[in-house]
Amino acid sequence: MREEKEYRRQLHHFVTSSTEKGIELVKIGEILSGLRHRRTFLDIGAGGGDLTIPLSGSFRKTTVVEPNARQVAFLRTQRPEFECIHESWEKVALADRRFDFILCSHVLYYISPGKWLPTVAKMHAHLEPGGRLVLVIQSPIGQVAEFFNAFTRYDVPILDVWKSLGEAYGEENLDVRYFLNDIRTKTLEGMVDIGLFLLCDPSLRRRRPEIAAYFQQRHRIPGGYRLVQDEILLSVSKSG
C-alpha cells in the first residue's frame, strides 16, 4: 500500500511538472488523422488515463489493459463506459478482437528487451488492417538517459527493434518521430521525486542524497530545476 501511494504521488508530480502528455497528444493526433477508421481504441498500460481519456473522444469504443488494480478502479470510476481489463498484456486473451488504434506508452521497460518483439507482435496481431500501433519509449540518448546511466543501466535496443520491426512489417509501414519532454520543478526535492519515478526502482531510494547532488550540480536553473527527456514515438501500420 505504501509503495503504491508513493508511486502515485511521484507519477502525479511527473505529469504536472512536464510537457510530455501535451506533446504526445499532438504527435498522436497527427497519426490519428491518417487512420482509415476510428472505431476501436486499445490502450495497453493506460495508468491513470492521462492519454487514454482525451484520445477516447476520437473513437466509438475504448478498451484498456492495465495490470495495476488501483488504476483500473480509478478509470472505471472516471470513465464507466471504458472496457477495463485488469491484466498484464502478456497474459491477456483477446481472442480474435481487432482495434483501429493501439497505444503502448512507456510500458516496454517493464519487460526484458528479449521479449519486446514478441510483445509487439501480439499487439500487431490485434490491429485492424489499416490500423496503427504506437509505441512511446525513452530515447537512449539525452539528459534522462545520462541520468539513468549515472545510477543504473539504461540499455534500450531501439535500433535493433526498429530494424526488426522493419523486417517483420515492412519499412514502408514504420514511422518514427522524436520529441522532447521539458520537466521543470521549483524545488530540488521535487526533481529528486521525479528522478526516482523515472528510475522505476524503489531500491534506489536509498541513494536519494546522491541523486539530489546529481541534480543540484547538473540541472539547476534560475528559479528551480530542469531536466529534458528525449522520447521516441514509433508507429507501425498494418497493411490491408
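The values are calculated or read from the model by the stated rules, or taken from the named source; none is laboratory data. The shown structure was predicted, so the numbers you read here are calculated from the model rather than taken from an experiment. Here the Cβ positions follow ideal geometry from the backbone for every residue, glycine too, while neighbour counts run over all protein chains shown. For accessibility, only protein heavy atoms count, side chains too; no ligands or nucleic acids. Shrake-Rupley method; radii C 1.70, N 1.55, O 1.52, S 1.80 Å.
Miscellaneous remarks
- Candidate set from the stretch 197-240 (those that are of a type in the set (D, E) and either free of Cβ contacts under 8 Å to residues at least 12 places away in the same chain or surrounded by fewer than 19 Cβ atoms within 10 Å (Cβ to Cβ) (or both)); member that is nearest to I28 (Cα to Cα): D230
- Of all residues in the stretch 5-17, those that are more than 18 Å from N68 (Cα to Cα) and small (G, A, S) have Cβ atoms under 7 Å from Cβ atoms of residues that are at pLDDT 75 or above and open to solvent by 50 Å² or more (accessible area, probe 1.4 Å), 6 or more apart or on another chain, in S17/R184.
- Hey, G22 exposed (fewer than 15 other Cβ atoms within 10 Å of the Cβ) and on the phi < 0 side of the Ramachandran plot or not: yes
- Checked across the stretch 64-76, the condition of being open to solvent by less than 20 Å² (accessible area, probe 1.4 Å), in a loop (DSSP other than H, G, I, E, B), at pLDDT 95 or above and not aliphatic (A, V, I, L, M) holds for at least one residue.
Rundown of residues vs (1) of a type outside the set (G, A, S); (2) under 25 Å from L227 (Cα atoms); (3) in contact with an Asp or Glu (Cβ under 8 Å, 6 or more places away or on another chain), yes/no style:
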site: G48; (1), (2), (3): no, yes, no
site: Q71; (1), (2), (3): yes, no, no
site: F74; (1), (2), (3): yes, no, no
site: R98; (1), (2), (3): yes, no, yes
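- Note on the stretch 104-143: residues that are aliphatic (A, V, I, L, M) and crowded, with 19+ Cβ neighbours inside 10 Å amount to 10.
- The residue list D100, D50 contains one member that is open to solvent by less than 20 Å² (accessible area, probe 1.4 Å), charged (D, E, K, R) and not in a helix (DSSP H, G or I), which is D100.
- Filtered by the rule that a residue be surrounded by 15 or more Cβ atoms within 10 Å (Cβ to Cβ) and over 24 Å from Y169 (Cα atoms), the stretch 77-97 gives R79, F82, C84, I85, H86, S88.
- Listed conditions (1) modelled with pLDDT under 95; (2) farther than 25 Å from R38 by Cβ; (3) touching a strand residue (DSSP E or B) at 6+ places or on another chain (Cβ under 6 Å) are all met by I137, apart from (2).
Let's see how each residue does on (1) at pLDDT below 90; (2) within 19 Å of the chain's Cα centre (by Cα); (3) closer than 27 Å to G29 by Cβ; (4) open to solvent by less than 50 Å² (accessible area, probe 1.4 Å):
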position	(1), (2), (3), (4)
F148	no, yes, no, yes
F151	no, no, no, yes
W162	yes, yes, yes, no
E167	no, no, no, no
G170	no, no, yes, yes
D175	no, yes, yes, yes
F179	no, yes, yes, yes
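- For the stretch 114-196, the helices (runs of 4 or more DSSP H) that sit wholly inside it and include 3 or more residues that are free of Cβ contacts under 8 Å to residues at least 24 places away in the same chain and charged (D, E, K, R) are 158-169.
- Checking E146, E83, E87 one by one, the residue that is among the acidic types (D, E) and touching a Lys or Arg at 6+ places or on another chain (Cβ under 8 Å) is E83 and no other.
- Only a single item in (1) within 17 Å of H126 (Cβ to Cβ); (2) modelled with pLDDT of 95 or more is not met by E81, and it is number (1).
- Flag if V26 is part of a strand (DSSP E or B), free of Cβ contacts under 8 Å to residues at least 40 places away in the same chain and β-branched (V, I, T): no
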